[in-house]
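Here the structure comes first, spelled out in structure tokens, and everything after it is commentary.
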Amino acid sequence: MKRTPLVGILMGSDSDWPVMEQAAKTLDSFGVPCESRVLSAHRTPELVRRYASGALARGLKVIIAGAGGAAHLAGVIAAHTTLPVIGVPVESKSLKGLDSLLATVQMPKGVPVATVAIDNAANAAILAVQCLALSDKRLQRALVQHKRKLESSAVKADRALSRTTR
Ligand code: RP5
């Protein structure tokens, strides 16, 4: 049976999917159900408003929004919901994502968007899991495991490098 999604992954265009797919994969690796949608702040503004304003009632806990260029998607979503919104600036062709980064991160006071690094949709998913883990012991344990794995691969890399540079 399909579980109710806890995280909504939105993107301005299907061209963002190769980046945003990393969020879906990461959430899946933590066993967190999510849904992915293409919704654009400027191409489908009414659908964005409806999605964001109904998200809490549908059981979503966190929204991840990725867009490139004049990337106002995450900010517009944040305007229409009290759920935490995590923005992923997607790399753009002309300005290499600097435009997306500034448009996503520079939210005026009162309407925050927690912004991760350019194209780092995996970090957006981990941050979403950290939000959910505040009231979920299984996810707390999974996050501890995640940090252990990071540590052991860094230690392994250190050992391998120090062997070759001795
Ligand atoms: C933004 O414009 C999208 O989020 C995407 O990153 C960018 C380009 O969109 P396409 O022209 O590829 O549809 O709205």
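What follows is calculated from the coordinates using simple rules that are stated; it is not laboratory data. Predicted model, so just to flag it, every value in this text is computed and none were measured. Every residue, glycine as well, gets a Cβ built from its backbone with ideal geometry; the counts of neighbours run over all protein chains shown.
When A125 is tested against the conditions (1) of a type outside the set (D, E); (2) more than 11 Å from the chain's Cα centre (by Cα); (3) more than 16 Å from the ligand (Cβ to nearest atom); (4) surrounded by 19 or more Cβ atoms within 10 Å (Cβ to Cβ), the lone failure is (2). The set of residues from the stretch 95-110 being more than 15 Å from the ligand (Cβ to nearest atom) and loosely packed, with under 14 Cβ neighbours inside 10 Å comprises Q106, P108, K109, G110.
To keep it simple, each residue is scored yes or no on (1) small (G, A, S); (2) away from the ligand (no atom under 16 Å from the Cβ); (3) surrounded by 14 or more Cβ atoms within 10 Å (Cβ to Cβ).
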residue: R3; (1), (2), (3): no, yes, no
residue: G12; (1), (2), (3): yes, no, yes
residue: P18; (1), (2), (3): no, no, no
residue: Q22; (1), (2), (3): no, no, yes
residue: L27; (1), (2), (3): no, yes, yes
residue: S40; (1), (2), (3): yes, no, yes
residue: L56; (1), (2), (3): no, yes, no
residue: H80; (1), (2), (3): no, yes, yes
residue: K93; (1), (2), (3): no, no, no
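Of all residues in the stretch 75-98, those satisfying the criterion of being closer than 17 Å to A125 by Cβ, without any contact (Cβ under 8 Å) to a residue 60 or more places away in the chain and of a type in the set (A, V, I, L, M, F, W, C) are L83, V85, I86. Within the stretch 22-37, residues that are acidic (D, E) have Cβ atoms under 7 Å from residues that are surrounded by fewer than 19 Cβ atoms within 10 Å (Cβ to Cβ) and in a loop (DSSP other than H, G, I, E, B) in these pairs: E35/P5, counting only partners at least 6 apart in sequence or on another chain. Where strands (runs of 3 or more DSSP E) fall entirely within the stretch 1-101, those with at least 1 residues that are in contact with a Cys (Cβ under 8 Å, 6 or more places away or on another chain) are at 7-11, 62-68. The set of residues in the stretch 118-151 that are under 30 Å from A71 (Cα atoms), free of Cβ contacts under 8 Å to residues at least 24 places away in the same chain and not in a helix (DSSP H, G or I) contains only L134. Here is the figure for the stretch 58-74: residues that are more than 11 Å from the ligand (Cβ to nearest atom), in contact (Cβ under 8 Å) with a residue 60 or more places away in the chain and in contact with a strand residue (DSSP E or B) (Cβ under 6 Å, 6 or more places away or on another chain) total 2.
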